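Following: one structure in structure tokens, then a few remarks.
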Amino acid sequence: MSVIHRIALTFAGAASAVTAAALVMAPAAGAQSMSATPFISHFHTLKTIASTVPANGDVNPYGVAVISHAAGHLYRGDVLISNFNNSQNLQGTGTTIVEVSPHGTVSQFARINPAKLPGACPGGVGLTTALSVLPGGWVVVGSLPTSDGSSATASAGCLLVLDSQGNVRETISGHGINGPWDMTALSQGNVTKLFVTNVLNGTKAANGHVTDHGTVLRLALVRSGQRPPKLVAVTTIGSGFPERTDPAALVVGPTGDGLNAQGTLFVADSVGNRIAAIPGAPWRGTSAGTGRTVTSGGALNTPLGLTVAPNGDVLTVNGADGKLVETTTGGKQVAVRLLDSSVPSPQTTPPTPPGAGALFGLAVAPYGAGVYYVDDATNTLGLLH
């Protein structure tokens, strides 16, 4: 039995109690549609906040995380954004995280050197949508790297743990982490649980064909003083999600995830064109498989980024048409909003729908004042408000 699993056995009971307490103390946002009015129906204006391109030219913004507490170079209310591509637009080679204020001031929070990591990260650095800010100013970001921007060279990657100054202090690899694509987090006291979707389990070997090996992992981390949070337990809580490589998107599989106050984790099943629900995500000890289907089809069109709205509804953005979709926990799609209507150039045959390939990460703005989203077509951070 490994050290990590021995620790996990003694930690499990306390962690479950802490997590349950966190959910009890959480706001009523997880309840099913506290109001009959869709959350996004309150907002009618699209605003471009700023460019997400840093000095080194990285493009293709993916992850979005709002900073809730100030620490070091992290300023409360600012938004962190991870870039997936380098200046040559090669996927899986982006190394920067930028910080954007609500007023549009942009700074580079981190530029990560793959040659100077403090631990293993198979394949190097290519920052994904998996991006979270933990208590104490720790930032965790996923890496799904390539050597040349192609899925043929994609590697397992890792999770990178940065301090509030933007320095990488730790890497987390192995333990089932294989192409960490997106992530959400639940913290209480000195315990954080990360819920990470993975898209490279057998995907490359399938060579473009769909394979049902995508996973959702729950990683328990414990923080102690000024030391980086340490991994103490890993549990597979979702498995069997369809995934495949893609010449345009590199890889398509389980992507965005979001947790409600009842402990249900919602997952954007991109290949299945549906939203899945995994009950008891913070404390379950076994895999829920591909979860319960909340909704499928309809206005969904390759859902990617996902978050839970203050009224408990699930918000997803479509990778194939630039739209934001709001769905109740009961499965009713109650609102749709077009966030990007740009027409890809040159036009493809058949024609590519407006907004295709533009959207990825999203997050609810502080106080429920709107929805932040990255626009990959323009390399900007936008706000629906």
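Looking only at the range 72-88, residues that are open to solvent by less than 40 Å² (accessible area, probe 1.4 Å), at negative phi and either over 21 Å from the mean Cα position of the chain (by Cα) or of a type outside the set (Ser, Thr, Tyr) (or both) come to 9 in all. Failed condition for Ala120, given (1) within 20 Å of Val251 (Cβ to Cβ); (2) small (Gly, Ala, Ser); (3) touching a Cys at 6+ places or on another chain (Cβ under 8 Å), with all others met? Just one mismatch for Ala120, condition (1).
In the range 45-60, the residues that are in contact (Cβ under 8 Å) with a residue 12 or more places away in the chain and more than 16 Å from Asn83 (Cα to Cα) reach residues that are part of a strand (DSSP E or B) and small (Gly, Ala, Ser) with C-beta atoms within less than 6 angstrom, at least six apart or across chains, in these pairs: Thr48/Gly382.
Just wondering, is there one or more residues in the range 318-327 that are crowded, with 23+ Cβ neighbours inside 10 Å, in contact with a helix residue (DSSP H, G or I) (Cβ under 8 Å, 6 or more places away or on another chain) and either at pLDDT 95 or above or part of a loop (DSSP other than H, G, I, E, B) (or both)? Yes; the residues of the range 318-327 include at least one that is crowded, with 23+ Cβ neighbours inside 10 Å, in contact with a helix residue (DSSP H, G or I) (Cβ under 8 Å, 6 or more places away or on another chain) and either at pLDDT 95 or above or part of a loop (DSSP other than H, G, I, E, B) (or both). The single condition among (1) touching a Pro at 6+ places or on another chain (Cβ under 8 Å); (2) at pLDDT 95 or above; (3) β-branched (Val, Ile, Thr); (4) closer than 26 Å to Gln188 by Cβ that Val64 does not meet is (1). Taking first residues from the range 205-234 that are over 30 Å from Gln165 (Cα atoms) and partners that are part of a strand (DSSP E or B) and β-branched (Val, Ile, Thr), the Cβ contacts under 6 Å between residues at least 6 apart in sequence or on separate chains come to Gly208/Thr245; Thr215/Thr236. Each residue in the range 89-117 was checked for being open to solvent by less than 40 Å² (accessible area, probe 1.4 Å), of a type outside the set (A, V, I, L, M, F, W, C) and part of a loop (DSSP other than H, G, I, E, B), and 6 pass. Among the candidates Val251, Val234, the residue that is of a type in the set (Val, Ile, Thr) and over 21 Å from Gly63 (Cα atoms) is uniquely Val234. Taking the listed residues Asp163, Asp182, the one that is within 15 Å of Leu221 (Cβ to Cβ) and in contact (Cβ under 8 Å) with a residue 60 or more places away in the chain is Asp163, with no other qualifying. Scanning the range 172-213 for residues being polar (S, T, N, Q), open to solvent by 40 Å² or more (accessible area, probe 1.4 Å) and in a loop (DSSP other than H, G, I, E, B) gives a total of 2. Considering the range 251-297, the residues that are among the aliphatic types (A, V, I, L, M) and open to solvent by 10 Å² or more (accessible area, probe 1.4 Å) include one that is farthest from Met183 (Cα to Cα), namely Val294. Residue count for the range 258-291, restricted to those that are in a strand (DSSP E or B), closer than 25 Å to Gly149 by Cα and not hydrophobic (A, V, I, L, M, F, W, C): 1. Checked against (1) out of contact with any Asp or Glu (no Cβ under 6 Å at 6 or more places or on another chain); (2) under 24 Å from Ala299 (Cα atoms); (3) assigned to a strand (DSSP E or B), Ala248 passes all but a single condition, namely (3). If you filter the range 150-171 down to residues that are outside any strand (DSSP E or B) and among the aliphatic types (A, V, I, L, M), you find that the one that is least open to solvent (accessible area, probe 1.4 Å) is Ala154. Could you check, for the range 308-321, whether at least one of its residues is within 18 Å of Gly63 (Cβ to Cβ) and either without any contact (Cβ under 8 Å) to a residue 24 or more places away in the chain or of a type in the set (Ser, Thr, Tyr) (or both)? Yes, the range 308-321 contains a residue that is within 18 Å of Gly63 (Cβ to Cβ) and either without any contact (Cβ under 8 Å) to a residue 24 or more places away in the chain or of a type in the set (Ser, Thr, Tyr) (or both). Tell me, yes or no, whether the range 340-358 has at least one residue that is free of Cβ contacts under 8 Å to residues at least 24 places away in the same chain, open to solvent by less than 20 Å² (accessible area, probe 1.4 Å) and out of contact with any Lys or Arg (no Cβ under 7 Å at 6 or more places or on another chain). For the range 340-358, residues free of Cβ contacts under 8 Å to residues at least 24 places away in the same chain, open to solvent by less than 20 Å² (accessible area, probe 1.4 Å) and out of contact with any Lys or Arg (no Cβ under 7 Å at 6 or more places or on another chain): absent. Selection of the range 214-245 for residues being touching a helix residue (DSSP H, G or I) at 6+ places or on another chain (Cβ under 9 Å) and closer than 18 Å to Pro303 by Cα yields Gly214, Glu243, Arg244, Thr245.
Does the range 35-44 contain any residue that is modelled with pLDDT under 75 and surrounded by fewer than 16 Cβ atoms within 10 Å (Cβ to Cβ)? Yes. In summary, Thr128 fulfils each of the numbered conditions (1) among the polar types (S, T, N, Q); (2) open to solvent by 10 Å² or more (accessible area, probe 1.4 Å); (3) not in a loop (DSSP other than H, G, I, E, B) with the single exception of condition (2).
The values are calculated or read from the model by the stated rules, or taken from the named source; none is laboratory data. This one's a predicted model, so the numbers in the text were calculated from it and none came from an experiment. Backbone-built Cβ (ideal geometry, glycine too); neighbour counts: all protein chains shown. These area figures cover heavy atoms from the full protein model, side chains too; ligands, DNA and RNA do not enter into them. Shrake-Rupley method; radii C 1.70, N 1.55, O 1.52, S 1.80 Å.
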